[in-house]
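Trainee: Sharing a structure here in structure tokens format.
The values are calculated or read from the model by the stated rules, or taken from the named source; none is laboratory data. Nothing here was measured: the structure is a model prediction, and the numbers come from that model. Here the Cβ is made from the backbone with ideal geometry for all residues, glycine too, and neighbour counts use every protein chain on show.
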Amino acid sequence: MSRTEILERLRTARPVIAPSMLKCDFSDLAHEVERLTAANAKVLHWDVMDGHFVPNLSYGPMVIKRVRPLTEMLFDAHLMISEPERYLDEYLKAGCEAITVHIEAVPQPTSLLRRIRDAGRVAGLALNPQTSLTAVEPFFAEIDLLLVMSVQAGFGGQSFIPSSIEKLRDARKRISSETILSVDGGIGTKTIAGCAAAGTDLFVVGSAIFDQSDYVNAADELGRLAGR
Ligand code: DX5
Ligand code: ZN
């Protein structure tokens, strides 16, 4: 699949509900993938944390690689790690279709973003709540996806920061209509509609799916609230 085809699949699936695998049952990943497939998920969001860029530690490319053959869902890797340029090849090899790095970890991300695109994948740039859009704006021509963090990166289960709505609206105005606008953190039934109205395409959801017993209902309800 080419980068253009990946983007087309993402655009066609809008509004995209992307379950955050940070909150899944790690003792039975295959079953979790089955349940998310039944819930019609098109994208899996992989939160990679290194215990350095963020205090928390999660999983790396070996885990992602083992899940890759189990599904045709698109893999959206969110690298919350320092020096992502050192590890990029491993995430490419693991089969991630979209790879997002943080501007706070890579203040000059042009060459890294180009490496991702040259590998035929979707290049994403993320920014934390305290980081202004002006920090990422110089790189808008280099990205296919902008990830607005609506909580400080590092942990699942945090409360949505309300000012993120204004940031999303502002981001939507500034980025190309071709660029996927994504939001991550505290997304659930109370917060998703506001983000959708602000022009968000892709909604990363941890707790609001994985804390529910019925993923099908949870994902349906979120999709409906996001305007599906
Ligand atoms: C936070 C992660 C999120 C998180 C989302 O650093 O990037 O993807 O797991 O979880 P909830 O939806 O519970 O905020
Ligand atoms: Zn994430």
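Trainee: Please state which of the following conditions L57 fails to meet, knowing it meets all the rest: (1) crowded, with 18+ Cβ neighbours inside 10 Å; (2) within 16 Å of ligand 2 (Cβ to nearest atom); (3) among the aliphatic types (A, V, I, L, M).
Mentor: Of everything listed in (1) crowded, with 18+ Cβ neighbours inside 10 Å; (2) within 16 Å of ligand 2 (Cβ to nearest atom); (3) among the aliphatic types (A, V, I, L, M), L57 misses just condition (1).
Trainee: A further question on this structure: Of all residues being among the aliphatic types (A, V, I, L, M) and under 19 Å from H102 (Cβ atoms) in the range 150-180, which is farthest from ligand 1 (Cβ to nearest atom)? Just the residue, please.
Mentor: Out of the qualifying residues, it is I175.
Trainee: Kindly indicate whether K42 is surrounded by fewer than 23 Cβ atoms within 10 Å (Cβ to Cβ) and modelled with pLDDT under 95.
Mentor: The answer is no for K42.
Trainee: Let me ask something else. Is it fair to say K167 is in contact with a strand residue (DSSP E or B) (Cβ under 7 Å, 6 or more places away or on another chain) and farther than 21 Å from H45 by Cα?
Mentor: yes
Trainee: On to the next question. Can you say whether I116 is of a type outside the set (S, T, N, Q), touching a residue at least 12 places away in the same chain (Cβ under 8 Å), buried (at least 22 other Cβ atoms within 10 Å of the Cβ) and more than 16 Å from ligand 2 (Cβ to nearest atom), as far as the supplied structure shows?
Mentor: Numbers: of a type outside the set (S, T, N, Q): yes; touching a residue at least 12 places away in the same chain (Cβ under 8 Å): yes; buried (at least 22 other Cβ atoms within 10 Å of the Cβ): yes; more than 16 Å from ligand 2 (Cβ to nearest atom): yes.
Taking the combined requirement at face value, the residue satisfies it.
Trainee: How do the pairs read when you match residues in the range 163-192 that are farther than 29 Å from D211 by Cα and touching a residue at least 60 places away in the same chain (Cβ under 8 Å) with residues anywhere that are among the acidic types (D, E) and part of a loop (DSSP other than H, G, I, E, B), using Cβ under 9 Å and keeping only pairs 6 or more apart or on different chains?
Mentor: Listed pairs, sorted by first residue: E178/D144.
Trainee: When you go through (1) within 22 Å of E5 (Cβ to Cβ); (2) more than 16 Å from ligand 2 (Cβ to nearest atom) one by one for K173, which number turns out not to apply?
Mentor: (1)
Trainee: Here is a follow-up. Out of the range 172-228, which residues are in a helix (DSSP H, G or I) and touching a Gly at 6+ places or on another chain (Cβ under 7 Å)? Quick ask: steps written out before the conclusion?
Mentor: First, the residues of the range 172-228 that are in a helix (DSSP H, G or I): 172-174, 192-197, 207-210, 215-225.
Result: R172, A196, S207, A208.
Trainee: Name the residue that is farthest from T12 (Cα to Cα), counting only residues in the range 193-228 that are touching a residue at least 12 places away in the same chain (Cβ under 8 Å) and hydroxyl-bearing (S, T, Y).
Mentor: S207
Trainee: Additional query: So is Y91 surrounded by fewer than 22 Cβ atoms within 10 Å (Cβ to Cβ) and of a type in the set (F, W, Y) or not? Outline the logic, then answer.
Mentor: Details: surrounded by fewer than 22 Cβ atoms within 10 Å (Cβ to Cβ): no; of a type in the set (F, W, Y): yes.
No; evaluated as a whole, the condition is false for this residue.
Trainee: Only residues in the range 33-51 that are under 18 Å from R224 (Cβ atoms) count as the first member; pair them with residues that are within 14 Å of ligand 1 (Cβ to nearest atom) and of a type in the set (D, E), Cβ under 9 angstrom, at least 6 apart or cross-chain, and list the lot.
Mentor: V43/D76
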